[in-house]
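Enquirer: Please read through the structure below; I'll follow up with questions.
The values are calculated or read from the model by the stated rules, or taken from the named source; none is laboratory data. Keep in mind the model is a prediction, meaning the values are calculated, not measured. Note that each Cβ is placed from the backbone with ideal geometry, even for glycine, and that neighbours are counted across all protein chains shown.
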Amino acid sequence: MTEDPHIVILAAGEFPHAPLPLSVLQGADLRICCDSAAENLVAYGIEPDMIVGDLDSLSPVLLERYKGIITRIGEQDDNDLTKAFHAALALKPSRITILGATGRREDHTLGNVSLLLDYVREAECPVSILTDHGRFEAISDTATLEARPGQQISIFAFDNSLKIESAGLKYPTGSVRFDTLWKATLNEAEGSSFTLTLSHPCGVLLFFADHR
């Protein structure tokens, strides 16, 4: 296995179709599938390197075929994505990219995206969720982030006492009260980077729209 691998975790949501997430999937050093996501990966023509989960939805055919790379974790305190994430962390990755975390059931989508706030606190490497329409990242304190001029940026926070001062975004965020999810969506980067200054450490989700 490559030292400090770029690990892709494939969750069991909608399989990617856009060029960028597919190229990331193809170019990964190691691919970990969440349970039945292995079915989608095999159908696409790529072999999984590891399958993790409670295995309640993996077909008997693949259970037998990949029994040597399966890690069965039956406890239900964590979902399969979190189980796969912890398996990835144990391999000391340079980066973790999560695919297939969105689509299909909306409650799974919301749950998976919110978990990114936990993952970035645990990991010592970059962690992101890549979709066909953009990517999710998370920060926990003041940060400067790269963007494309004109790229739409949505900001989500879950603390109505939080204040975020922005520099490099079209619409100032200093007066936003983060008491509902829509409050700081559909902003726009003015240049190749922007800075968010948080009034106190707090988990903040960011969505960077599209991949152009």
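Enquirer: So, in the range 1-10, of the ones that are modelled with pLDDT under 95 and closer than 19 Å to His86 by Cβ, which residue ends up surrounded by the fewest Cβ atoms within 10 Å (Cβ to Cβ)?
Expert: Met1
Enquirer: Still on this structure, I have one more. Which pairs turn up if I take residues in the range 106-129 that are assigned to a helix (DSSP H, G or I) and look for partners that are polar (S, T, N, Q) and modelled with pLDDT of 95 or more with beta carbon separation below 8 Å, at least 6 apart in sequence or on another chain?
Expert: What qualifies is Leu116/Ser128.
Enquirer: Sticking with this structure for a sec: Tell me, please, whether a residue that is among the small types (Gly, Ala, Ser) and within 23 Å of Arg135 (Cα to Cα) can be found in the range 71-84.
Expert: Yes, the conditions are met somewhere in the range 71-84.
Enquirer: Just give me the residues in the range 42-64 being over 21 Å from the mean Cα position of the chain (by Cα) and outside any loop (DSSP other than H, G, I, E, B), in sequence order.
Expert: Within the range 42-64, Val42, Ala43, Pro60, Val61, Leu62, Leu63, Glu64 qualify.
Enquirer: Quick check: is even one residue across the range 40-50 of a type outside the set (Phe, Trp, Tyr), touching a residue at least 24 places away in the same chain (Cβ under 8 Å), on the phi > 0 side of the Ramachandran plot and crowded, with 17+ Cβ neighbours inside 10 Å?
Expert: no
Enquirer: Within the range 1-16, track down each residue that is out of contact with any Leu (no Cβ under 6 Å at 6 or more places or on another chain) and within 22 Å of Gly111 (Cα to Cα).
Expert: Ile9, Ala12, Gly13, Glu14, Phe15
Enquirer: Return the residues of the range 17-41 that are part of a loop (DSSP other than H, G, I, E, B), out of contact with any Asp or Glu (no Cβ under 6 Å at 6 or more places or on another chain) and of a type outside the set (Asp, Glu); say none if nothing qualifies.
Expert: If the condition is that a residue be part of a loop (DSSP other than H, G, I, E, B), out of contact with any Asp or Glu (no Cβ under 6 Å at 6 or more places or on another chain) and of a type outside the set (Asp, Glu), then Ala28, Ser36 are the ones that fit.
Enquirer: Could you please find all residues in the range 81-112 being charged (D, E, K, R) and under 20 Å from Ala28 (Cα atoms)?
Expert: Residues satisfying the conditions are Lys83, Lys92, Arg95.
Enquirer: Can you name every residue in the range 167-189 that is part of a loop (DSSP other than H, G, I, E, B), surrounded by fewer than 16 Cβ atoms within 10 Å (Cβ to Cβ) and in contact with a strand residue (DSSP E or B) (Cβ under 7 Å, 6 or more places away or on another chain)?
Expert: Across the range 167-189, the qualifying residues are Lys170, Tyr171, Pro172, Gly174.
Enquirer: Take Asn79 and tell me if it is free of Cβ contacts under 8 Å to residues at least 60 places away in the same chain, in the same structural domain as Leu117 (by TED's automatic domain parsing) and at negative phi.
Expert: yes
Enquirer: Which residue, of Gly53, Gly45, Gly13, is farther than 21 Å from Asn112 by Cα and assigned by TED's automatic domain parsing to the domain that holds Leu115?
Expert: Gly45 is the lone residue from the list that is farther than 21 Å from Asn112 by Cα and assigned by TED's automatic domain parsing to the domain that holds Leu115.
Enquirer: Could you check the range 199-208 and list, in sequence order, the residues that are at pLDDT 95 or above and surrounded by 19 or more Cβ atoms within 10 Å (Cβ to Cβ)?
Expert: Answer for the range 199-208, where residues must be at pLDDT 95 or above and surrounded by 19 or more Cβ atoms within 10 Å (Cβ to Cβ): Val204, Leu205, Leu206, Phe207, Phe208.
Enquirer: Quick check: is even one residue across the range 13-21 touching a His at 6+ places or on another chain (Cβ under 9 Å), small (Gly, Ala, Ser) and crowded, with 20+ Cβ neighbours inside 10 Å?
Expert: Checking the range 13-21: at least one residue is touching a His at 6+ places or on another chain (Cβ under 9 Å), small (Gly, Ala, Ser) and crowded, with 20+ Cβ neighbours inside 10 Å.
Enquirer: Looking only at the range 21-39, count how many residues are at pLDDT below 95 and closer than 19 Å to Val113 by Cβ.
Expert: Total meeting the criteria: 3.
Enquirer: Evaluate the range 66-80: report whether one residue or more is of a type in the set (A, V, I, L, M), surrounded by 14 or more Cβ atoms within 10 Å (Cβ to Cβ) and assigned to a strand (DSSP E or B).
Expert: Scanning the range 66-80 turns up at least one residue that is of a type in the set (A, V, I, L, M), surrounded by 14 or more Cβ atoms within 10 Å (Cβ to Cβ) and assigned to a strand (DSSP E or B).
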